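Here's the structure we're looking at; comments come further down.
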Amino acid sequence: MLNKSEKLILKGYLKPKKKEGILKIISAFSFLGICLGVATLIIVMSVMNGFRDELISKLLSFQPHITVENIKKNKEDYNKILNILDKNNIKYNSISLIQNGSGLILKGNLSQGVIFKGYDNEFGNLQKVLKQKKFGDINFSNDEIAIGINLANKLNLNKNDNIILLSSKTETSPIGTLPQSYKYKIVFLFETGLYEFDSNYVIGNLDQSNKFSKLDNKEIEIRLKNINKSKEVSRLLKNNFNDKQIYHWTDNNKTFYDALRVERNVMFIILTLIIIVATFNIISGLTILVKNKSKEIAILKTLGFSNFSISKIFLITGSSIGILGTGFGVFLGVLVSYYIENIRLFLSDVLNIEIFPAEIYFLSKMPTNLDIKTILLISIFSILISVIASLIPAIKASKVDPIINLKYE
């Protein structure tokens with residue numbers, strides 16, 4: 001705590017005199033640098049968090065949280081998984097028996113290789129899987145399928161069109177060995193927002209997918225209520241199935257997930273340099289202040305002020321700039337992050353350009369996610385680095401020699 005005399009001196013140092021205009025400028029730049037650095041860091045981290053959440057959400061709109069491969073005894077394996085989940089009180093959205101196959105879709109002179117994903121209507125709710133209300137209660141008959149919107153656009157296909165699908169399986173004919181072909185009607189165009197899925201997948205029932213898979217190797221896809229329990233549930237199932245391959249969604253997308261994490265961490269490190277550079281202004285300002293006030297410091301020491309008291313005054317002087325700059329930066333960063341979509345629309349209208357175009361990013365608006373832990377981490381880092389920066393000139397102030405500085409007074 002500061003005593004009355006220390007508070008009085010501190011108040012004078014926080015408000016430089018008119019002849020110390022350079023200190024005002026340095027203090028202002030220090031404040032603005034820290035404020036803008038903290039605000040920028042919060043805004044960028046919020047947008048990156050939003051992007052990550054949206055991308056993962058879209059990714060998992062088609063991919064399961066947990067996949068169990070090598071399903072041979074359909075109902076037996078399915079019921080065993082259900083019992084394990086229920087016994088351990090694990091909540092889930094859907095459990096589906098599926099099979100993947102490959103084929104070639106034909107429409108006139110156009111063709112495209114596709115992955116045929118078949119769902120068993122008895123076990124899975126496809127509407128929950130795709131999270132699209134328009135899907136309705138479609139139960140695919142043996143001649144009905146759904147295809148991705150990008151695939152439809154590429155082949156000029158629409159709902160209710162008929163197509164030919166060639167299977168990787170072959171059949172013998174009078175003219176030789178030919179791929180098996182099947183005629184289907186398109187009953188739905190789905191859109192996940194991810195190019196890979198919307199361009200390469202065809203969905204039908206399990207009986208249809210058998211025609212496009214050479215192996216009788218089915219899978220069970222599990223979607224949990226809480227995605228954060230994916231690893232835990234995956235380990236639980238592995239302990240109960242020795243003959244199955246079981247993995248969770250991060251195993252399938254390890255490169256993608258790691259890239260998101262590394263990109264976020266690198267961006268955080270780069271932007272913290274703004275705050276670090278701003279703290280150099282604190283060092284410069286306090287160093288000049290110590291030099292200008294060396295005689296006053298010498299007088300204070302002769303009056304009985306300890307080195308600790310002198311250091312404390314200059315430490316609080318510098319730290320107060322960092323604390324105020326951090327506080328205003330947090331306020332500005334949170335405010336801009338909260339209204340960033342309104343700001344985007346305003347700038348798009350004023351500048352007459354498309355900022356964050358939906359056709360490129362597959363998102364209708366700029367996503368943000370304000371994470372309290374991230375904001376606290378940024379705030380603590382900013383204040384801590386300001387305190388450390390203030391320590392250097394504060395220690396220097398405590399070492400002012402009153403004999404040397406008052407020698408010719």
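The values are calculated or read from the model by the stated rules, or taken from the named source; none is laboratory data. Keep in mind that this is a model prediction, so the values were computed, not measured. Methodologically, a virtual Cβ is constructed for each residue, glycine included, from the backbone with ideal geometry; neighbour enumeration extends over all protein chains shown.
A few comments on the model shown:
- Test: residue in segment 46-66 that is modelled with pLDDT of 85 or more, part of a strand (DSSP E or B) and not acidic (D, E): yes
- Some residue of segment 91-98 being among the charged types (D, E, K, R), at pLDDT 80 or above, assigned to a strand (DSSP E or B) and in contact with a strand residue (DSSP E or B) (Cβ under 9 Å, 6 or more places away or on another chain): no
- Helices (runs of 4 or more DSSP H) enclosed by segment 228-310 - at least 1 residues per element that are surrounded by fewer than 13 Cβ atoms within 10 Å (Cβ to Cβ) and of a type in the set (D, E): 254-292
- Residue list for segment 184-215, filter: over 12 Å from F116 (Cβ atoms) and either assigned to a strand (DSSP E or B) or not assigned by TED's automatic domain parsing to the domain that holds S111 (or both): K185, I186, V187, F188, L189, F190
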